[in-house]
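Participant: Would you mind keeping the following structure in view while I ask a few things?
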Amino acid sequence: MNASQPAGALHPANETLTRNERIVFNLYTISALMVFVLMMLLGLTMRMAQSTWIGVLPNVFYQVMTAHGAGMVGTIGLATSAVMWFFLRKYVKLSLSIFLANYVLFMLGAVALLAAVFIGGYAGAWTFLYPLPEHPMGLWSGNAAALFMLGYLLIGVGFLLFYLDAMRAIIRVYSNLGRALGLQWLFSGDIDKSHPKTVVASTMVAITNSIGILAGAIVLVMCIINIYFPSVTLNALLVKNLTYLFGHMFINASIYMGVIAVYELLPRYSGRPYPISRPFLWSWASSLVMVLIVYPHHLMMDYVMPHWMLVMGQIISYCAGLPVFTVTVFGALANIYRSGMRWNMPSRLLVLSMFGWAAGIVPAIIDGTISVNKLMHNTQWVPGHFHFYLLLGVLPMVLALMFHVIGQNAPSRSSDKLSFPLYILGGLIFVLSFLAAGHISTPRRFAVHLPEWLTYDQSGSIGAILLIVAMLVFTLHIIVGLLRSPGHGDSAHATG
Ligand code: HEM
Ligand SMILES: [Cu+2]
């Protein structure tokens, strides 16, 4: 970094965690890893139940499905917010108390969700789509549904605090959010090459995910009111629109926060600069708008939707992810090409994440086409695509940061040489089984499967077992490494 850094920016090359920062970072990391493993075991339970290898009562299957969906989506959000925090704090002054408050609210929310599901019997899926949670035909109580929604509200408040703090801190250094996004350089002018990509990405996420979470909070409050005052009826279509604006936004925000690890770490392992450019700024600015208006691709079978919104959903689906994705993957490949890359766990995971994101997007775009969606809607094609980019794209970004932070303190480098390919192999078998099952029209969210579908269920279970073994090894190494670690990460090759 050089003198053109804006006044007030903090020690950009220095990633040392203070004692308190390290405690909070470890809380995030270790909790996230443990929840991931636990939720993966719940996922395996579902897949093995579909395989008829274990017996799970259907009502329990839907409880497990609800806990797995909500738990995974929340935890990937929590883990990627730690990625954003870790790097953004180098450029702007974030409040550690607020970062901690986000963690505490998340944990309180998680307890509420788990109690609602496993004590209250709530099984209306993480998408809490009206009117199922409110009218469960006696399977669970209104209180259980309300407790689940309260859990979401707690988690949402935590994230909102984190993003508001990030925006406050960004504005203090860059004077406004537009300048932080680099909008002043969209059409002309010399781009300040030292402007951090992390600041651009964080600003985009803070704006868009705050809007998404507000939409979620509004719809959750509407639903809670409806539970206790059923005479206040809701417009189901409006509720679905708000719900998917929130759901689509929240899960996409995890990619946009996770990718910061690629921008920050890749150049250090390749030893090459990874400079900011006009296409980069354009793609983040345009994705800021598109990610918010693309959600109607979840409502293509809702024929009462205004036709133009569905057409928009299809067209924007082709465009929304593409700019950020293209500049990132192209930039990453150009960065790696003939660079004499230092191959270790963080750099391997970063390259894997580029592959997983790229390959996971393809089935999503296919399904974002109205004529295809008529066939593939609510088949296992859908969990096929999102497990692809989450397991092989976003989770590796998170793991890359964790391995980077433990640096030389990793307990055993040789066993990771085995666990890394095992993770990829298991992951591919697992996600391709979903996609293949979707291809023959296996419905998603079915507790009980027809005999024709069992082969896919069983190969999926085997893939999941391999992946979970690898994940257990990663988890153990990272936790041991974190507890040994001085906390400033592997600073060798740091090019700022
Ligand atoms: C070993 C790893 C995993 C296994 C075995 C697994 C398994 C499953 C299964 C069997 C389903 C239900 C599929 C169906 O509809 O028939 C499911 C749904 C889901 N999974 Fe996973 N999963 C894993 C990892 C993840 C991860 C890492 C995430 C996110 C970060 C995730 C998020 C979800 C979501 C959001 C759903 C949708 C739930 C719903 O339909 O309401 N999963 N998973
Ligand atoms: Cu979406």
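Participant: Angle, helix 142-174 long axis vs. longest principal axis of the chain, Cα atoms, 0 to 90°, nearest 10?
Facilitator: That helix lies at roughly 20 degrees to the long axis.
Participant: Kindly rank 351-361, 365-375 from highest to lowest mean number of other beta carbons found within 10 Å of each residue.
Facilitator: 351-361, 365-375
Participant: So what is the accessible area of the chain per residue, in Å², with the probe set to 1.4 Å?
Facilitator: Per-residue value: 39 Å².
Participant: Using the Cα centre as the reference, give the magnitude of the dipole from point charges on the C-beta atoms of the chain (Lys, Arg: +1; Asp, Glu: -1; all else neutral), rounded to the nearest 20 debye.
Facilitator: Computed charge dipole of the chain: roughly 1020 debye.
Participant: Shifting gears a bit: Would you mind checking the stretch 227-251 for residues with the amide N under 12 Å from a putative spin-label position 7 Å along Cα→C-beta of Val304?
Facilitator: Of the residues in the stretch 227-251, 234-241 have backbone N under 12 Å from the label point off Val304.
Participant: Let me ask something else. Could you list, in their original order, any pairs among Lys197/Lys417; Lys93/Lys240; Lys197/Lys374; Lys90/Lys193 whose Cα atoms are separated by more than 28 Å?
Facilitator: Violating the 28 Å Cα-Cα cut-off are Lys197/Lys417; Lys93/Lys240; Lys197/Lys374.
Participant: Then there is this: Kirkwood Rh over Cα pairs of the chain into Stokes-Einstein at 37 °C, 0.692 mPa s: D in µm²/s?
Facilitator: 142 µm²/s
Participant: State the extension gain, in nm to one decimal, for the chain segment bounded by Leu177 and Phe330, taking 0.36 nm per residue of separation less the distance between their alpha-carbons.
Facilitator: Gain on stretching Leu177 to Phe330: 52.5 nm.
Participant: What's the angle, to the nearest 10 degrees (0 to 90), between helix 454-484's Cα axis and the longest principal axis of the chain?
Facilitator: So the inclination is approximately 40 degrees.
Participant: Right, another one. Nearest 10 degrees, 0 to 90: what angle lies between the long axis of helix 322-336 and the longest principal axis of the chain (Cα atoms)?
Facilitator: 50 degrees
Participant: Got a number for carbon plus sulfur as a percent of the stretch 346-496's accessible area, 1.4 Å probe?
Facilitator: So the carbon and sulfur contribution to the accessible surface is 72 percent.
Participant: Over the chain, what relative contact order in percent results from Cα pairs under 8 Å that are six or more residues apart?
Facilitator: 18 percent
Participant: How many percent of the accessible area of the stretch 163-300 is carbon or sulfur, using a 1.4 Å probe?
Facilitator: Heavy-atom surface of the stretch 163-300 belonging to carbon and sulfur, 1.4 Å probe: 69 percent.
Participant: Please work out the C-alpha center-to-center distance from the stretch 374-420 to the stretch 182-199 and express it in whole Å.
Facilitator: First find each Cα centre; the distance between them is then 31 Å.
The values are calculated or read from the model by the stated rules, or taken from the named source; none is laboratory data. Values in this document were obtained by computation on a predicted structure and should not be read as measured data. Neighbour counts run over all protein chains shown; Cβ positions are idealised from the backbone, glycine included. Side chains are part of the model used for accessible areas, which takes the heavy atoms of the whole protein and leaves out ligands, DNA and RNA. Shrake-Rupley method; radii C 1.70, N 1.55, O 1.52, S 1.80 Å.
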